[in-house]
Amino acid sequence: MYQKFFGLKKSPFSLIPEPEYLYLSQHHKKALNTLRYGVFQQAGFTLLTGDIGCGKTTLLQKLLNDIKCDVDLGLITNTHPSFGELLSWVLRAFNVDNTANDEAERYRVFKRFMDKRQLSNRRVLLVIDEAQNMDIPALESLRLLSNINDDGKCMLQIILAGQSELLEKINDPKLIQFAQRISIESHIKPLSYQETKDYIGHRLSVAGGRSDIFSRKAVLAVFEHSGGVPRVINNICDLAMVFAFANDSGVEYETVMEVVNERRTGGIRKSTSNQTSHSKLDITEMLGFRSNGSSSVNTKSRTLITH
């Protein structure tokens, strides 16, 4: 509804992962290069972790879009606690016909699929997103499946992406053999203030708009109340642009605070461990206020708001 008002071709702050909007912070660039290295060096297991909303799925989409056609890709995205028998999901991910009645026969079906790929000089890459939802038996089944590589050739490569609790599961003593097989790992952290500023400007530019739609103080407010988490930044910025459109103005500090306060009083509030590296007093001073009581900035602890 605000696109025409701000001269945009499309919404710049959609919550749907879109590789064209990918902004590579220092941590995101390192993670993407690590993923690429894992794929092209034929690492058995590659691990990507990060807190909720930090851009793991977007990075994966970028990686998969860049992979050449000599790789067969299997993608599993809908993991859940009742994940079920792993091989059935894997066969479905690679569109392999599966009429087997037991796990042993499903393994033979998968082994035939792998053998055909090897004869065709094609690599096989299995990507599992939201892997933190897999339980320990499912992860152990994945390790056993990787035994297909034990003949000296890496026939099957696996990328696991998940939230930080995936690390806790992998560090469980029951999964020590699994942990030893992970050769490459990367962790995505939230954006800094400067990265948040660049991120907002980048998305506005990709959408065809000006990078100065958000004032400096507005960007600082977004950073303070998002903790530098891209999904939360998108959430706040999108609604701030709606409010600015309604007020026939650009996005100012007061606009962002209106969004934050409204969502505090009537929206969904979820706390997160992602906090900015600045103290509340630092943020207040960066905004140009002083702690003499003249500012309307609330310096009490805040909760971050996500979907």
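The values are calculated or read from the model by the stated rules, or taken from the named source; none is laboratory data. Note that the structure is a prediction, hence the values are computed from the model and not measured. Neighbour counts run over all protein chains shown; Cβ positions are idealised from the backbone, glycine included.
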Expected single match for more than 30 Å from G38 (Cα to Cα), touching a residue at least 24 places away in the same chain (Cβ under 8 Å) and under 25 Å from the mean Cα position of the chain (by Cα) among E195, E252, E224, E185 is E224
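Quick test for you: out of R231, R210, R216, pick the one residue that is surrounded by fewer than 24 Cβ atoms within 10 Å (Cβ to Cβ) and under 17 Å from the mean Cα position of the chain (by Cα).
R231
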The number of residues in segment 155-177 that are more than 16 Å from L47 (Cα to Cα) and either among the acidic types (D, E) or surrounded by 16 or more Cβ atoms within 10 Å (Cβ to Cβ) (or both) is 1
Quick check on segment 136-157. Is at least one of its residues in the same structural domain as G55 (by TED's automatic domain parsing), in contact (Cβ under 8 Å) with a residue 40 or more places away in the chain and hydroxyl-bearing (S, T, Y)? yes
Here is a check on your reading of the model: is L24 in contact (Cβ under 8 Å) with a residue 60 or more places away in the chain and either assigned to a loop (DSSP other than H, G, I, E, B) or buried (at least 21 other Cβ atoms within 10 Å of the Cβ) (or both)? no
* Can we say T58 is within 30 Å of M241 (Cβ to Cβ), modelled with pLDDT of 85 or more and of a type outside the set (A, V, I, L, M)? -> yes
The correct count of residues that are under 18 Å from V229 (Cβ atoms) and not polar (S, T, N, Q) in segment 3-31 is 15
Output for Cβ contacts, cut-off 6 Å, separation at least six or different chains, first residue assigned by TED's automatic domain parsing to the domain that holds M155 in segment 104-122, second modelled with pLDDT of 90 or more and of a type in the set (D, E), reads R117/D72; R122/D72
Counting only residues in segment 27-49 that are in a helix (DSSP H, G or I) and of a type in the set (F, W, Y), the one nearest to G201 (Cα to Cα) is identified as Y37
Subset of segment 63-81, residues acidic (D, E) and assigned to a helix (DSSP H, G or I), comes to D66
Just one listed residue, out of Q163, Q177, Q132, is over 13 Å from L86 (Cβ atoms), assigned by TED's automatic domain parsing to the domain that holds I52 and touching a Leu at 6+ places or on another chain (Cβ under 6 Å), and it is Q132
Restricting segment 68-81 to residues that are aliphatic (A, V, I, L, M) and surrounded by fewer than 17 Cβ atoms within 10 Å (Cβ to Cβ), the one modelled with the lowest pLDDT turns out to be V71
Considering segment 38-62, residues that are more than 10 Å from K189 (Cα to Cα) and of a type in the set (D, E, K, R), and then whichever is surrounded by the most Cβ atoms within 10 Å (Cβ to Cβ), we arrive at K56
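Take E252 and tell me if it is surrounded by fewer than 22 Cβ atoms within 10 Å (Cβ to Cβ), of a type outside the set (A, V, I, L, M) and at pLDDT 95 or above.
Considered against the rule, which asks whether it is surrounded by fewer than 22 Cβ atoms within 10 Å (Cβ to Cβ), of a type outside the set (A, V, I, L, M) and at pLDDT 95 or above, E252 comes out as yes.
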Exactly one of F40, F45, F13 is out of contact with any helix residue (DSSP H, G or I) (no Cβ under 7 Å at 6 or more places or on another chain) and aromatic (F, W, Y), and that one is F40
Note to self: Condition first: farther than 21 Å from P17 by Cα, at pLDDT 95 or above and among the hydrophobic types (A, V, I, L, M, F, W, C). Can you find one or more residues in segment 290-303 that meet it?
What the structure shows: no
